[in-house]
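Here the structure is laid out as C-alpha cells; the discussion comes afterwards.
The values are calculated or read from the model by the stated rules, or taken from the named source; none is laboratory data. These numbers come from a predicted model, not from an experiment. Neighbour counts are summed over all protein chains in view; Cβ atoms, including those assigned to glycine, are modelled from backbone coordinates with ideal geometry. Note: areas computed on protein heavy atoms with side chains; ligands, DNA, RNA excluded. Shrake-Rupley method; radii C 1.70, N 1.55, O 1.52, S 1.80 Å.
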Amino acid sequence: MDERIASRIKLVRGDITTLNVDAIVNAANTSLLGGGGVDGAIHRAAGPELLAECRTLGGCATGSAKITRGYRLPTDHVIHTVGPVYSGGGRGEADLLASCYRESLRLAAEHQCKTVAFPAISCGVYGYPLAEAARVSLEATAEFLAESELPREVTWCLFDQPAYDAYQEALAAAAD
Ligand code: AR6
C-alpha cells in the first residue's frame with residue numbers, strides 16, 4: 001500500500017457510536033430494521049428516528065449500502081451496509097465484503113464526508129474470520145482511496161483487542 005494511502009487509514013479501539021466523524025458505518029442485515037451487535041448499539045444511541053428512516057428504505061442487499069442521518073449520534077450520517085454471512089469462504093464472501101466497503105465509501109464521498117469510521121463488518125454474528133476480513137477490507141479501501149480524495153480519512157473502530165490486533169497486523173502487512 002502506498003504511504004500516502006496508509007496515512008489516511010487509522011485504527012482505534014472503542015465504541016463506534018461515540019465517534020465524532022462525518023459518517024459511521026453500520027453492520028446491518030438486509031431488513032435494515034435493527035438487530036444485535038453494533039447495529040443494536042447504533043440504533044439505541046441514535047434513537048427511534050433512525051429506525052423510522054430505515055423503514056422507508058426498503059431493505060438493502062448483501063454487499064450494498066444505504067445512507068441515513070445520524071439523529072442523536074455525534075455523527076452526521078449512518079451508512080448501513082450488509083456484510084456476507086461467512087460459510088467457508090467459497091461462496092463469494094470476499095467479493096461481497098469488498099463490495100460493502102466500496103459501496104459505503106462511494107456513498108460517503110457522494111455526501112462529501114471527509115471522515116468515516118467502520119466496524120469490523122461481518123466479524124461478529126456473521127462469523128467472518130478476523131484476519132481474512134481485515135485483509136480484504138483494507139485492500140478494497142486502499143483501492144478506493146487511491147482513486148478518490150474523499151473520504152480523506154478512514155478509521156476502523158475495533159470493539160475488542162482481537163479485532164484491533166488483527167487489523168493492526170493486516171495493516172502492517174499491507175504497508176510492506
Ligand atoms: N462499536 C464498534 N464495534 C462493535 C460495537 C460497537 N459499539 N459492537 C459490536 N462491535 P456484529 P456482523 C463489533 O455482530 O457480524 C446484527 O444483529 C463486534 O465485536 O455487530 O456484520 C445485524 O442486525 C464485531 O467485531 O455484525 C445483523 O443481523 C463487529 O462489530 C448481524 O448482526 C461486527 O459484529 C450482522 O453481523
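Brief remarks on what is shown
- Under 5 Å from the amide H of His80 lie the amide H atoms of Asn26, Lys66, Ile67, Thr68, each residue being 5 or more positions distant or on a separate chain, with H modelled from the backbone and absent for Pro and chain starts.
- Expressed as a whole percent, the accessible surface of the chain that belongs to carbon and sulfur atoms is 50, based on a 1.4 Å probe.
- Summary of packing: across the peptides 5-15, 158-168, the per-residue average of other C-beta atoms within 10 Å ranks them, highest first, as 158-168, 5-15.
- Computed 3J(HN,Hα) for region 126-134, one whole-Hz value per residue from the Karplus formula 6.51 cos²θ - 1.76 cosθ + 1.60 where θ = phi - 60°, is 7, x, 5, x, 4, 4, 5, 5, 4, glycine and proline marked x.
- The label-point distance for Glu143 and Ala52, in a model that sets each label 7 Å from Cα toward Cβ, rounds to 4.0 nm.
- Taking θ as phi - 60° and the Karplus parameters 6.51, -1.76 and 1.60, the scalar couplings of region 165-176 work out to 5, 4, 5, 4, 5, 5, 5, 4, 5, 6, 7, 4 Hz in sequence order, x denoting glycine and proline.
- Across region 3-175, counting alpha-carbon atoms alone, Rg and Dmax equal 14.5, 42 Å.
- 3J(HN,Hα) along region 36-46, derived from phi through the Karplus expression 6.51 cos²θ - 1.76 cosθ + 1.60 where θ = phi - 60°, amounts to x, x, 5, 4, x, 5, 5, 5, 4, 6, 7 Hz, with x in place of Gly and Pro.
- 1.4 Å probe accessible area per residue over the chain, in Å²: 47 Å²
- Amide H partners (placed H, <5 Å) of Thr155, local residues excluded: Lys10, Val116, Ala117, Phe118
- Note on region 24-104: semi-axes of the ellipsoid equivalent to its C-alpha gyration tensor, largest first and rounded to whole Å, are 23, 12, 11.
- Under 5 Å from the amide H of Arg13 lie the amide H atoms of Leu158, each residue being 5 or more positions distant or on a separate chain, with H modelled from the backbone and absent for Pro and chain starts.
- Taking 0.36 nm per residue of separation and subtracting the Cα-Cα distance, full extension of the segment from Arg13 to Thr30 would add 3.5 nm.
- Between Gln161 and Ala175, the modelled labels are 2.1 nm apart [label points 7 Å from Cα along Cα→Cβ].
- Structural descriptor for the chain: relative contact order 30 percent, calculated from alpha carbon pairs under 8 angstrom and at least 6 residues apart.
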